[in-house]
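Trainee: I have a structure I would like to understand better, so I am pasting it below and will then ask my questions one at a time.
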């Protein structure tokens with residue numbers, strides 16, 4: 001039932017392939033400099049990152065093809081390489097904060113409305129397309145520092161409640177009607193977006209107040225992380241407004257809106273229409289690789305730290321990004337995330353491409369109840 005794009009190995013030998021897989025994860029670090037280059041060139045060049053991510057990347061991704069090899073199989077990666085993989089994530093935090101400070105400082109000097117739109121879009125694509133992905137990865141780690149840095153990244157795009165809802169809600173309820181982040185069969189992205197935004201906040205609040213109640217604490221106790229989820233971005237906006245004025249506040253809000261929309265586009269395509277079956281006792285079957293759409297397109301997996309190997313991520317949530325494996329038995333996306341995001345923006349095209357694939361999946365696993 002599954003459709004695969006052809007795997008194209010580059011003619012560099014086995015050792016070269018391994019090295020390329022590891023070095024490829026440095027690619028996202030090129031995006032912030034591209035924002036600066038676009039700003040320096042001015043005008044329409046402020047759309048440089050948008051053009052790279054949504055025009056060049058999907059085309060090159062299809063040309064390069066897929067790579068089903070594992071970067072660093074669990075237990076087999078040398079200590080030096082493990083430090084390298086972690087260092088990329090940790091380095092991203094100051095890079096993103098620096099980009100936002102730069103953006104807030106220079107935004108008033110961006111000449112023209114069109115250029116300002118391009119600049120805010122480009123920064124939002126970086127903070128959403130890379131920053132939230134890094135936050136997602138760090139948020140699944142066990143270390144306090146890593147989780148704290150995940151919260152810093154999420155607060156910078158005013159989406160800190162994602163840390164609660166994703167880890168405690170989404171992973172438990174994925175591929176069910178109770179999960180705000182699982183798109184329903186036939187649901188367009190534009191129908192999905194307001195539902196997931198509202199229900200995600202409601203769910204995070206309920207999860208947090210339930211945690212506090214178990215500790216004998218009131219919902220408005222200072223230890224309520226949802227209060228901090230609202231307060232931290234607000235404080236950042238106030239500081240930006242006092243330091244750089246209203247244009248800086250507008251820029252930060254605009255880039256956050258782009259980042260959040262991009263995150264929810266990815267949520268939309270990751271589980272579109274997939275549903276877990278219920279057993280006789282009413283419980284859902286265990287989460288498996290068949291409950292997430294998988295993609296092993298080489299270039300876009302480098303850009304998203306293997307997030308596209310989402311099937312393995314949900315089946316083995318403790319695996320680090322470099323350890324995620326291709327899931328051949330999972331439903332396969334016909335392109336990487338960059339291309340699929342564009343498709344999701346046009347519901348008739350999305351349904352034309354994805355609904356036949358979903359129907360094939362339902363023939364094997366059963367239609368949702």
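Trainee: To the nearest 0.05, what FRET efficiency results for residue 360 and residue 318 with a Förster distance of 30 Å applied to their C-beta separation? List each step's numbers first, then the result.
Mentor: Working: r = 30 Å, r/R0 = 1.01.
Efficiency computed from Cβ-Cβ geometry: 0.50.
Trainee: Let me ask something else. Could you give the length gained by full extension between residue 40 and residue 199, i.e. 0.36 nm per residue of separation minus their alpha carbon distance, to one decimal place?
Mentor: 53.2 nm
Trainee: A further question follows. Can you order the peptides 193-206, 124-137 by their average number of other Cβ atoms within 10 Å per residue, highest first?
Mentor: By packing density, highest mean first, the sequence is 124-137, 193-206.
Trainee: Let me ask something additional. Taking the Cβ of each residue in 190, 81, 361 as the centre, tally the other Cβ atoms inside 10 Å and list the residues starting with the fewest. Present the calculation step by step, with values, prior to reporting the outcome.
Mentor: Values: 190 11, 81 15, 361 22.
The fewest-first ordering by Cβ neighbours comes to 190, 81, 361.
Trainee: Next question, about the same structure. What per residue convex hull volume, in Å³, comes out for the chain when only alpha-carbon positions are used? Write out the running numbers ahead of the final one.
Mentor: Numbers: hull volume 54.8 nm³, N = 369.
Spread over its residues, the Cα hull of the chain gives 148 Å³ apiece.
Trainee: Taking 0.36 nm per residue of separation and subtracting the Cα-Cα distance, what length does fully extending residue 286 through residue 101 add? All intermediate terms of the calculation are to be shown ahead of the outcome.
Mentor: Values: separation 185, 0.36 × 185 = 66.60 nm, distance 4.37 nm.
Going from the current span to full extension adds 62.2 nm.
Trainee: Tell me, what is the FRET efficiency for residue 177 and residue 74 to the nearest 0.05, using R0 = 30 angstrom and their Cβ-Cβ distance as r?
Mentor: Rounded to the nearest 0.05, the efficiency is 0.35.
Trainee: A follow-up question, please. So for the stretch 260-369, what percent of the C-alpha to C-alpha distances run longer than 16 Å?
Mentor: Of the Cα pairs, 59 percent sit more than 16 Å apart.
Trainee: Write down the Å³ per residue value for the convex hull defined by the alpha carbon atoms of the stretch 113-152.
Mentor: Value for the stretch 113-152: 43 Å³ per residue.
Trainee: What is the distance, in nm, between label points placed 7 Å from the Cα along the Cα-to-Cβ direction at residue 279 and at residue 346?
Mentor: It is 4.5 nm.
Trainee: Once you put a point 7 Å from the Cα of residue 111 and another 7 Å from the Cα of residue 239, both along the Cβ direction, what distance in nm separates them?
Mentor: 3.2
Trainee: Please state the shape class of the stretch 253-298: rounded when a/c is under 1.5, otherwise prolate if a/b exceeds b/c and oblate if not, all from the C-alpha gyration tensor.
Mentor: oblate
Trainee: Here's something else I'd like to know. For the stretch 72-131, what Kirkwood radius comes out of the mean inverse Cα-Cα distance, in Å? Walk me through the numbers on the way to the answer.
Mentor: Numbers: mean 1/r = 0.0729 Å⁻¹.
Mean inverse Cα-Cα distance, inverted, gives 13.7 Å.
Trainee: If you don't mind, there's one more thing I want to ask. When the convex hull of the C-alpha atoms of the stretch 139-236 is computed, what volume per residue in Å³ does it have?
Mentor: Dividing the Cα hull volume of the stretch 139-236 by its residues yields 113 Å³.
Trainee: Between residue 27 and residue 142, how high is the FRET efficiency from 1/(1 + (r/R0)^6) when r is the Cβ-Cβ distance and R₀ = 25 Å? Nearest 0.05.
Mentor: In this case the efficiency is close to 0.40.
Read-outs: derived from the displayed coordinates by stated rules, not from any lab. Because the structure is a prediction, the values reported are computed rather than measured. Note that each Cβ is placed from the backbone with ideal geometry, even for glycine, and that neighbours are counted across all protein chains shown.
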